[in-house]
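Report on the following structure.
The values are calculated or read from the model by the stated rules, or taken from the named source; none is laboratory data. Given the structure is predicted, the values throughout are model-derived calculations rather than measurements. Because the Cβ atoms are built from the backbone with ideal geometry, glycine has one as well, and the counts that use them run over all protein chains shown.
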Amino acid sequence: MAELSLRWTDNVAGPYYVDEECIDCSLCSEIAPDNFRINEEAGHDYVYKQPATSEEEDLCIEAMESCPVEAIGNDGEG
Ligand code: SF4
């Protein structure tokens, strides 16, 4: 489970976030491209838009469950 205290600051406010455990594999941005993006300069992915539809929510859950290092959380604020 991701740690809210390790959340990258480039994540948009809201429940979903990527934390510092991310190894930049880009799987989440492939699964849910409407919500996750690669930050190439920083070397990690981040949430640039919170899910707004049930389809997006399903893909975010799939991304969270697929992350190999459990770096995605959905217990963020906002
Ligand atoms: S799936 Fe996990 S490790 Fe891979 S880029 Fe996304 S948050 Fe990072």
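Within region 52-74, track down each residue that is surrounded by 12 or more Cβ atoms within 10 Å (Cβ to Cβ), within 15 Å of the ligand (Cβ to nearest atom) and either aromatic (Phe, Trp, Tyr) or touching a residue at least 24 places away in the same chain (Cβ under 8 Å) (or both). Can you show your working first?
Here is the first cut: in region 52-74, the residues surrounded by 12 or more Cβ atoms within 10 Å (Cβ to Cβ) are 56-64, 66-67, 70-74.
After this cut, where a residue has to be within 15 Å of the ligand (Cβ to nearest atom) as well, the list is 59-64, 66-67, 70-74.
Residues satisfying the conditions are Leu59, Cys60, Glu62, Ala63, Met64, Ser66, Cys67, Glu70, Ala71, Ile72, Gly73, Asn74.
Just the residues that are over 15 Å from Val69 (Cα atoms) and under 8 Å from the mean Cα position of the chain (by Cα), please, taken from region 14-28. Write out each step before concluding.
In the first step, residues of region 14-28 are kept if they are over 15 Å from Val69 (Cα atoms); the result is 14-16.
Within region 14-28, Tyr16 is the sole residue that qualifies.
Enumerate the pairs (first residue in region 1-29 and touching a residue at least 12 places away in the same chain (Cβ under 8 Å) and more than 21 Å from Glu56 (Cα to Cα); second residue anywhere and of a type in the set (Val, Ile, Thr) and assigned to a loop (DSSP other than H, G, I, E, B)) with beta-carbon separation below 6 Å, excluding pairs fewer than 6 apart on the same chain, so at least 6 apart or on different chains.
Short answer, once both residue conditions are applied: Glu21/Val69; Ile23/Val69.
Looking at region 22-51 only, could you name the residues that are in contact with a strand residue (DSSP E or B) (Cβ under 9 Å, 6 or more places away or on another chain) and more than 12 Å from the ligand (Cβ to nearest atom)?
Those that are in contact with a strand residue (DSSP E or B) (Cβ under 9 Å, 6 or more places away or on another chain) and more than 12 Å from the ligand (Cβ to nearest atom): Tyr48, Lys49.
Which members of region 1-21 meet the condition of being at pLDDT below 95 and within 12 Å of the ligand (Cβ to nearest atom)?
Quick first cut of region 1-21, residues at pLDDT below 95 only: 1.
Residues satisfying the conditions do not exist here.
Name the single residue that is farthest from Gly76 (Cα to Cα) among those in region 14-48 being crowded, with 18+ Cβ neighbours inside 10 Å and aromatic (Phe, Trp, Tyr).
For region 14-48, the residue satisfying everything is Phe36.
Which residues, taken from region 1-13, are surrounded by fewer than 18 Cβ atoms within 10 Å (Cβ to Cβ), more than 15 Å from Glu65 (Cβ to Cβ) and either among the basic types (Lys, Arg) or more than 11 Å from the chain's Cα centre (by Cα) (or both)? Step through it out loud before you land on a result.
The initial filter retains those residues of region 1-13 that are surrounded by fewer than 18 Cβ atoms within 10 Å (Cβ to Cβ), namely 1, 3-6, 8-10, 12-13.
In the following step, the residues that additionally are more than 15 Å from Glu65 (Cβ to Cβ) were identified as 3-6, 8-10, 12-13.
Within region 1-13, Glu3, Leu4, Ser5, Leu6, Thr9, Ala13 meet the criteria.
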